[in-house]
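So the structure is just underneath, and the comments pick up after that.
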């Protein structure tokens with residue numbers, strides 16, 4: 001089974017040379033640490049930056065340089081700054097190649113619920129709805145089950161939706177799944193030490209398993 | 001042409017109860033701190049505030065919420081303000097949660113003289129309720145209206161007396177879009193300069209959009225999450 005770093009590490013393998021990538025808050029942010037040095041990748045921050053770099057050294061924090069999670073960061077050589085309208089314009093116009101975000105629930109047909117728990121957590125959707133409505137490549141990084149042990153890969157989302165028919169791939173601590181256009185979660189890889197049986201037990205939605213499922217190599 | 005006023009109090013002197021204000025900033029970054037303090041001091045209330053976030057409890061729009069000056073917030077994310085969440089869940093405060101891109105683009109539409117925009121953000125979600133949906137090239141889009149704000153209050157890094165503005169790094173965010181969109185735009189700047197000192201090629205907001213500008217002071221520029229890495 002993978003921990004959060006493991007999930008991030010596996011997702012980083014999906015990033016291709018020359019990609020512009022948007023990383024959501026939480027586990028997705030960790031993906032930045034595992035992007036291979038041999039490839040060129042530019043990270044887009046929805047608050048108006050391309051070329052997001054690592055956290056600054058202590059003492060070098062700049063209040064005017066933050067990421068979408070409101071953390072202090074740095075800018076890499078070749079960075080560009082733009083306003084919020086342009087930021088979401090480039091997202092909507094599909095210039096961003098890959099979006100990685102967390103979720104509370106994903107359904108068999110790729111619906112995603114990630115922003116609201118009615119009566120309990122109503123903080124707002126931020127940029128998530130824009131990202132999932134426009135991106136062609138969406139990978140969800142999340143735990144396979146919630147705190148109550150219930151599957152987060154469902155036939156249908158029960159929580160308020162962020163978007164419909166949009167998630168393409170999911171990486172959880174148990175494995176890697178494709179969301180098929182015709183519906184269903186296709187198991188691609190098992191996490192180290194995890195069996196197909198474990199995954200079946202934890203998944204409420206339709207699971208498609210074809211042939212021998214390899215163990216993840218990270 | 002001289003749009004300079006002396007301070008925030010002067011700049012906001014004709015803002016009245018019940019008005020709709022746009023306020024720039026993303027989180028605590030690029031906040032028009034002087035104008036917010038002046039609004040709190042003035043005590044204007046029943047305001048509708050269009051701003052991406054609601055600050056934290058003791059900074060940004062949180063200061064206005066504490067004084068119950070806000071009737072309605074139009075934002076994309078209001079997570080870091082406990083008072084806000086309390087007022088929301090209790091029904092004291094009206095809230096319209098708008099996807100961040102839609103928020104920015106509705107401001108842009110106002111600034112570009114377009115009555116409405118079409119966006120796929122929110123299709124299939126509760127954001128789509130009651131809105132017109134149109135299909136273009138096989139994809140559904142929501143029709144969203146341009147905002148109509150009495151005032152846009154923005155923070156810039158430098159500005160000149162003709163209202164030309166330059167922003168710094170990610171403090172630009174919504175400030176640049178909102179500056180175009182208010183019926184009256186008020187800009188507070190860290191450094192007010194003479195016309196000619198800003199390179200025309202590097203102006204982010206042309207002065208035509210700005211009605212009042214003043215030299216701001218005592219910026220706290222609070223950092224919401226100070227994250228650092230160790231030197232090896």
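The values are calculated or read from the model by the stated rules, or taken from the named source; none is laboratory data. What you see is a predicted model, and the numbers here were worked out from it, not measured in a lab. Cβ: placed from backbone, ideal geometry, glycine included. Neighbour counts: every protein chain shown.
Sort out which residues of the range B:70-91 are closer than 24 Å to residue B:146 by Cβ and either at the interface with another protein chain (Cβ under 8 Å from one of its Cβ atoms) or surrounded by fewer than 20 Cβ atoms within 10 Å (Cβ to Cβ) (or both), and write them in order of number. First the steps, then the outcome.
Residues of the range B:70-91 that are closer than 24 Å to residue B:146 by Cβ, as a first pass: B:70-78.
Residues satisfying the conditions are B:71, B:72, B:75, B:76, B:77, B:78.
Could you look through the range B:213-222, keep only residues that are surrounded by fewer than 20 Cβ atoms within 10 Å (Cβ to Cβ) and touching a strand residue (DSSP E or B) at 6+ places or on another chain (Cβ under 6 Å), and pick out the one that is nearest to residue B:5 (Cα to Cα)? Filtering the range B:213-222 for residues that are surrounded by fewer than 20 Cβ atoms within 10 Å (Cβ to Cβ) and touching a strand residue (DSSP E or B) at 6+ places or on another chain (Cβ under 6 Å), the one nearest to residue B:5 (Cα to Cα) comes out as B:215. Selection of the range B:149-197 for residues being within 14 Å of chain A (Cβ to nearest Cβ) and part of a loop (DSSP other than H, G, I, E, B) yields B:167, B:168, B:172, B:180, B:181. For the range B:118-143, the set of residues classified as crowded, with 20+ Cβ neighbours inside 10 Å and in a helix (DSSP H, G or I) consists of B:127 only.
Mind checking whether some residue in the range B:92-99 is within 12 Å of chain A (Cβ to nearest Cβ), closer than 25 Å to residue B:144 by Cβ and in a helix (DSSP H, G or I)?
Looking only at the range B:92-99, we keep the residues that are within 12 Å of chain A (Cβ to nearest Cβ), and these are B:93, B:95-99.
Applying the additional criterion that residues be closer than 25 Å to residue B:144 by Cβ yields B:93, B:95-99.
Retained after the next criterion (residues that are in a helix (DSSP H, G or I)): none.
No - not one qualifying residue is present in the range B:92-99.
Taken over the range A:22-52, residues that are within 12 Å of chain B (Cβ to nearest Cβ) and assigned to a helix (DSSP H, G or I) amount to 3.
Residues satisfying the criterion are absent from the range A:56-78 (criterion: away from chain B (no Cβ under 13 Å) and crowded, with 24+ Cβ neighbours inside 10 Å).
Restricting the search to strands (runs of 3 or more DSSP E) fully inside the range A:95-176 and requiring at least 3 residues that are at pLDDT 95 or above, surrounded by fewer than 21 Cβ atoms within 10 Å (Cβ to Cβ) and more than 14 Å from chain B (Cβ to nearest Cβ) gives an empty result.
Restricting B:223, B:232 to those that are within 13 Å of chain A (Cβ to nearest Cβ), farther than 17 Å from residue B:11 by Cα, part of a loop (DSSP other than H, G, I, E, B) and at pLDDT 95 or above reduces the list to B:223.
Do we have any residue at all in the range A:193-204 that's under 24 Å from residue B:127 (Cβ atoms) and more than 14 Å from chain B (Cβ to nearest Cβ)? No: zero hits.
All conditions but one from (1) more than 27 Å from residue A:75 (Cβ to Cβ); (2) more than 9 Å from chain A (Cβ to nearest Cβ) apply to residue B:200; the one that does not is (1). State yes or no: is residue B:146 farther than 20 Å from residue A:90 by Cβ, more than 10 Å from every other protein chain (Cβ to nearest Cβ), crowded, with 24+ Cβ neighbours inside 10 Å and in contact with a strand residue (DSSP E or B) (Cβ under 8 Å, 6 or more places away or on another chain)? No: the conditions fail for residue B:146.
Every residue, every condition in (1) within 12 Å of another protein chain (Cβ to nearest Cβ); (2) in a loop (DSSP other than H, G, I, E, B); (3) touching a residue at least 60 places away in the same chain (Cβ under 8 Å), yes or no:
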{"position": "B:9", "(1), (2), (3)": "no, no, no"}
{"position": "B:34", "(1), (2), (3)": "no, no, yes"}
{"position": "B:37", "(1), (2), (3)": "no, no, no"}
{"position": "B:45", "(1), (2), (3)": "no, yes, no"}
{"position": "B:54", "(1), (2), (3)": "yes, yes, no"}
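Would you confirm, using the coordinates I've provided, whether residue B:29 is crowded, with 23+ Cβ neighbours inside 10 Å, within 14 Å of chain A (Cβ to nearest Cβ) and either under 18 Å from the mean Cα position of the chain (by Cα) or free of Cβ contacts under 8 Å to residues at least 60 places away in the same chain (or both)? Spelling it out, residue B:29 is indeed crowded, with 23+ Cβ neighbours inside 10 Å, within 14 Å of chain A (Cβ to nearest Cβ) and either under 18 Å from the mean Cα position of the chain (by Cα) or free of Cβ contacts under 8 Å to residues at least 60 places away in the same chain (or both).
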